[in-house]
Amino acid sequence: MKLVKNAAVAEDGWTTVADDENLPEGGAVIVSLARFKAERDTLVGRNAPLGLRLKSNEPPATVAEDLERFSVIALEFPIFRDGRAYSHATQLRQRFGFEGEIRAVGDVLWDQLLNMIRCGIDAFEVDDDFPLDAFDEAPKLFSNYYQPAAVGGPSIFEKRHGA
Amino acid sequence: MYRYDEFDQAAVNERVAQFRGQVARRLQGQITEDQFKPLRLMNGLYLQLHAYMLRVAIPYGTLSARQMHMLAHVARKYDKGYGHFTTRQNIQYNWPRLVDTPDILADLATVEMHGIQTSGNCIRNVTSDPFAGVAKDEIEDPRPWCEIFRQWSTFHPEFSYLPRKFKIAVTAAEHDRAAIKLHDIGIRVVKNAEGETGFEFWVGGGMGRTPIIAKKLKDFVAKADLLDYATACLRVYNELGRRDNIYKARIKILIHEMGLAKYAELVEAEFQRIRGTVALPDAEIARIQAYFAPPAYESLPATSTAFEAKKFEDRGFRDFVRTNLHPHKVPGYAIVSISLKAPGVAPGDISADQMDLVADLAETYSLGELRATHEQNLVLPNVKLDDVYTVWQQLRDAGLGTANIGLLSDIICCPGLDYCDLANARSIPLAKEIQDRFADLERQHKVGELKIKMSGCINACGHHHVGHIGVLGVDKHGKELYQLQLGGSATEDASLGDLTGAGFPPEKLVDAVETVIETYLRLRTGEAEAFLDCYRRVGMAPFKAALYEAR
């Protein structure tokens, strides 16, 4: 697997720790919601950056009061057709003002990248042979959009009137 | 009607380029069919029994003469010279080749048309009243709001992978010609006590294997809130709609399972949180409304002597006027319906030559405009009474003069097993048999208003649940069987039909339909009591008795 940010392979300083795995001494880890809930105090007290991985049926609202503790939130796409994480990413950016990294994990494919970006996802965990061209192409496919982006920017409705 | 500006045109052009790239990657094997499927579906491309099928959007059923000429061109160049108007105000081509589809979409883009979101688990092409803008009974033209929905829903990043498809219909008339209560969201344009325009939201209607009539979600959504409120409705559905079973994934099931009150509460909470997020500037509403300003109508007397004289002289014309004309809001004009239910022709089918003729008639006699209806007919919305006779003559000579709008031979019918991958039974040949049995127009008039709707499987593309008489083809142990339903309606008095009982084999179906009709004629209080009213008064028992006791 590789991590892609800004259309380039990025160093991944994060370790995703399985629920039955011991936490490493120090170091940035991403844990599941179940583990976070079970070991909240230990995880929060740990002197290292913390990330959260949400399944597609785990809305960010369930951890609303803790969101500021996370530097990375990984949203799972168990299959590319499961579109719940698009709503979750949008809510993270718009409703909760989350400014950390939102990472798409799971069934992340070429033709869904644009929607992910527009919903506020800015990091992508993909297979090693995933073509980087796809990341170059996605933001260039359309010049303008009818909807406001999750991360700001006027819609066509607004641009028509000088926005 | 609406015209694209540079933003709209760029969006469809860029979409064609994107799809061309996707098709190329598919043909090179870089994406699997499973991965390609939702991409092609969101451009209207299905894989059917014999070939691909391309569904082209006719947003809210409005199209120009120029667009209709392009539809004829596509039928000739890329298909077998005909097209099929559907129950969703779209047109389908049954024989395109995959490699040609980017070119077809490129051709369509030159006349501001596309196949965007005519399929897939996204917000589908928005539908509306085919008489919008010309109907006497509407409070304002609903199409600007439809166009706003079209744009807002196009390539929506959050709502392109919903649990299931999502259909929105809008009406602004007293009489619901858009079947809004059979849609995921149905919207009625209303005015509040202050005279301000707003929207009544209905939610969770639909047909398919679990038919449900929509429930009222909110009495009044203000104009400025329209897209925020719609966003809230969709977001709650996207998060909570079932994804474990595609047959339970529509919003109607979510609402059925969680209850309307709970859904409404979640939507309201989300709406209050996001209010003001999806800007819809007043200037933008005004800009879009300006495109729908009434065309330059002439000042004419309310009646036309020439029209009346021709009605008196020509019986064929008189028949046509009796069924195919509806009152126009402007004196001296009529709304002329073109039936695509000619005997021997699959309901909704039209040849390329006929399309060109209809486009020419629209150009010359209907201020350039046409409509497609969810009952699979076409409409010339702006014909001067003085011109109706000429229009009728030309339609008749082209095989388009069928005088049966609203009568029992004006059957809604899905493509069925003759084309469709999902179908269990044929529908087109059975519709034809019913039409043949009741070929006598006087007999049809004697029966009066009667909507027969036929589907070749439980997905209900032929709207059988809301037919006055609904016919559902099923497969029972490898044999086609046809179930009858009575008493459905898709209008403001929406109701679902009741099953009569055991189904009928194909060779007995037409007899059964005839038995139902004869029973109605026997029971009705008089000609003024239409089939639906009679059924609602007497109930199923006498029909059931007539259908089954003699067997």
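Select from the range B:261-279 the residues that are loosely packed, with under 15 Cβ neighbours inside 10 Å and more than 13 Å from every other protein chain (Cβ to nearest Cβ) and write down the one among them that is nearest to A:Arg95 (Cα to Cα).
Once the filter is applied, the top-ranked residue is B:Glu265.
In the range A:77-88, which residues are farther than 11 Å from A:Gln112 by Cα and either touching a Pro at 6+ places or on another chain (Cβ under 6 Å) or buried (at least 22 other Cβ atoms within 10 Å of the Cβ) (or both)?
A:Arg84, A:Ala85, A:Ser87, A:His88
Enumerate the strands (runs of 3 or more DSSP E) found wholly within the range B:152-227, keeping only those where 1 or more residues are in contact with a helix residue (DSSP H, G or I) (Cβ under 9 Å, 6 or more places away or on another chain), within 21 Å of B:Ser119 (Cα to Cα) and more than 14 Å from chain A (Cβ to nearest Cβ).
Those strands (runs of 3 or more DSSP E) span B:168-171, B:185-191, B:197-203.
Filter the range B:28-50 down to the residues that are more than 10 Å from chain A (Cβ to nearest Cβ) and of a type in the set (D, E, K, R), then identify the one that is surrounded by the most Cβ atoms within 10 Å (Cβ to Cβ).
Going through the qualifying residues, I end up with B:Arg40.
Residues B:Ala309, B:Ala334, B:Ala286: which one is aliphatic (A, V, I, L, M) and outside the structural domain of B:Thr364 (by TED's automatic domain parsing)? Write out each step before concluding.
Working: B:Ala309 fails: outside the structural domain of B:Thr364 (by TED's automatic domain parsing); B:Ala334 fails: outside the structural domain of B:Thr364 (by TED's automatic domain parsing).
Of B:Ala309, B:Ala334, B:Ala286, the one residue that is aliphatic (A, V, I, L, M) and outside the structural domain of B:Thr364 (by TED's automatic domain parsing) is B:Ala286.
Please count how many residues of the range A:39-98 are part of a loop (DSSP other than H, G, I, E, B), of a type in the set (Phe, Trp, Tyr) and within 14 Å of chain B (Cβ to nearest Cβ).
Number satisfying all stated conditions: 2.
Yes or no: B:Ala502 in a loop (DSSP other than H, G, I, E, B), of a type in the set (A, V, I, L, M, F, W, C) and over 30 Å from B:Val189 (Cα atoms)?
For B:Ala502, the condition - in a loop (DSSP other than H, G, I, E, B), of a type in the set (A, V, I, L, M, F, W, C) and over 30 Å from B:Val189 (Cα atoms) - is met.
Since B:Ala132 meets every condition but one in (1) surrounded by 23 or more Cβ atoms within 10 Å (Cβ to Cβ); (2) out of contact with any Asp or Glu (no Cβ under 7 Å at 6 or more places or on another chain), which condition does it not meet?
(2)
(1) assigned to a loop (DSSP other than H, G, I, E, B); (2) at pLDDT 95 or above: which one isn't true of B:Asn238, the others all being true?
Unmet condition: (1).
Does any residue in the range B:396-413 that is more than 20 Å from B:Cys461 (Cα to Cα) and free of Cβ contacts under 8 Å to residues at least 60 places away in the same chain come within less than 8 Å, Cβ to Cβ, of a residue that is in a loop (DSSP other than H, G, I, E, B) and hydroxyl-bearing (Ser, Thr, Tyr) six or more places away or on a different chain, and which pairs are these?
Partner pairs satisfying both residue conditions: none exist.
Among the residues of the range B:45-54, write down those that are under 26 Å from B:His464 (Cβ atoms) and either in contact with a strand residue (DSSP E or B) (Cβ under 8 Å, 6 or more places away or on another chain) or part of a helix (DSSP H, G or I) (or both).
B:Tyr46, B:Leu47, B:Met53, B:Leu54 - these are the residues of the range B:45-54 that are under 26 Å from B:His464 (Cβ atoms) and either in contact with a strand residue (DSSP E or B) (Cβ under 8 Å, 6 or more places away or on another chain) or part of a helix (DSSP H, G or I) (or both).
Specify which of the listed residues (B:Phe19, B:Phe7) is farther than 21 Å from B:Ser119 by Cα and either within 14 Å of another protein chain (Cβ to nearest Cβ) or hydroxyl-bearing (Ser, Thr, Tyr) (or both).
The match here is B:Phe7.
Can you work out which of the residues in the range B:280-315 that are within 14 Å of chain A (Cβ to nearest Cβ) and assigned to a loop (DSSP other than H, G, I, E, B) is farthest from the chain's Cα centre (by Cα)?
B:Pro281
If B:Asn13 satisfies all but one of (1) crowded, with 19+ Cβ neighbours inside 10 Å; (2) within 27 Å of the chain's Cα centre (by Cα); (3) under 16 Å from B:Leu105 (Cβ atoms), what's the number of the condition it fails?
Going through the list (1) crowded, with 19+ Cβ neighbours inside 10 Å; (2) within 27 Å of the chain's Cα centre (by Cα); (3) under 16 Å from B:Leu105 (Cβ atoms), B:Asn13 breaks only (1).
The values are calculated or read from the model by the stated rules, or taken from the named source; none is laboratory data. Treat the numbers as computed from the prediction; the structure is a model and nothing was measured. Every residue, glycine among them, receives a Cβ derived from its backbone with ideal geometry; neighbour counts consider all protein chains shown.
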